[in-house]
Amino acid sequence: MTVTIASPAVVTKAAHGRAAGDPVSFETSGVLPSGLAADTQYYVRTIPTADTFTVCATPGGVAINTTGSQSGVHKMGTDTIMGQAKFVIESNGGSIDLLPLDDGTGWV
């Protein structure tokens with residue numbers, strides 16, 4: 001995937017299949033442009049074409065602008081958030097703890 005340095009930033013991924021409000025996160029082998037951070041959940045804001053979309057920090061929020069420079073290969077998904085952090089899901093008074101496997105292939 002690619003992302004423009006613009007106001008707002010536009011993410012391009014052929015036939016991305018995303019809908020407005022879908023969560024999305026980014027990974028990179030280098031540096032994302034300022035305004036975006038790896039391992040952070042964003043939400044699809046608008047979908048100008050089947051291959052492009054904009055993102056916001058909160059559902060229905062303002063589209064994110066990017067500045068600066070970028071490098072490396074960028075990837076997107078919904079499975080990349082949290083990186084190597086512990087993740088706790090709470091619902092109706094119960095909770096489960098998810099911890100990443102040491103080899104990065106999943107969660108326990």
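Run the paramagnetic zone check for VAL73: 7 angstrom along Cα to Cβ, then residues of region 22-40 with backbone nitrogen under 18 Å. What the label zone holds, given the 18 Å backbone N cut-off, is 26-33, 38-39.
In order along region 23-34, phi translates into HN-Hα couplings of x, 8, 9, 10, 10, 8, 8, x, 10, 7, x, 4 Hz, rounded to whole numbers, per the Karplus curve 6.51 cos²θ - 1.76 cosθ + 1.60 with θ = phi - 60° and x for Gly and Pro.
Residues ILE64, ILE47 in ascending order of nearby Cβ atoms (within 10 Å, fewest first): ILE47, ILE64.
Values in this text are rule-based calculations from the coordinates and carry no lab data. These numbers come from a predicted model, not from an experiment. Don't worry about glycine lacking a Cβ; one is built from the backbone with ideal geometry, like all the others, and counts go over all protein chains shown.
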